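The values are calculated or read from the model by the stated rules, or taken from the named source; none is laboratory data. For clarity, every value in this text was computed on a predicted model and none was experimentally measured. Note that we place each Cβ from the backbone using ideal geometry, even for glycine, and neighbour counts take in every protein chain shown.
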Amino acid sequence: MGIEKRRYRRLETNLDAKMKDLSNPEGEAFDVKIINLGPEGAFAHSKTLLDSQTEISLSFRLDSYPMEINVIAKVLWRKGSGEDKEDGMGVCFTHIPLFEKNIIIDYILRRYAEHQARERAS
């Protein structure tokens, strides 16, 4: 999804996360890497790629928040076959508590402010 369709800016990240296909109750959660994160969605790198419209759970931690963040999301699109480091899935959060959405917004704003402060200091 192009940035022009997003309501919020995304932050480049490298967060470890767990994803689970909710249509497969017996399936195990698998490791993904959140490459970019916004308050309404993310791009997750994974060797396991799910089909578009698959409902998933996504769990991850932010260094600024002591608890795990758990959201329900839908795969909007997928890229690649899972072999390349840029392969993965674009997901849109469908169920996220407002408090946790605000935690993500705060995390993104703080990271941008830190980045700008480093640029000014250089």
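The table that follows gives values for the structure above.
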{"read-out": "Residue match in the stretch 59-67 (condition: in a helix (DSSP H, G or I) and either surrounded by 14 or more Cβ atoms within 10 Å (Cβ to Cβ) or modelled with pLDDT of 95 or more (or both))", "value": "no"}
{"read-out": "Test for Glu100: is it assigned to a helix (DSSP H, G or I), acidic (Asp, Glu) and in contact (Cβ under 8 Å) with a residue 24 or more places away in the chain", "value": "yes"}
{"read-out": "Residue that is farthest from Gly88 (Cα to Cα) [pool: residues in the stretch 49-58 that are surrounded by 15 or more Cβ atoms within 10 Å (Cβ to Cβ) and out of contact with any Leu (no Cβ under 9 Å at 6 or more places or on another chain)]", "value": "Leu58"}
{"read-out": "Residue within the stretch 69-83 that is of a type in the set (S, T, N, Q), more than 26 Å from Tyr112 (Cβ to Cβ) and either modelled with pLDDT of 95 or more or not in a strand (DSSP E or B) (or both) present", "value": "yes"}
{"read-out": "Qualifying residue in the stretch 61-68 (condition: within 26 Å of Glu114 (Cα to Cα), in contact (Cβ under 8 Å) with a residue 24 or more places away in the chain and touching a strand residue (DSSP E or B) at 6+ places or on another chain (Cβ under 8 Å))", "value": "yes"}
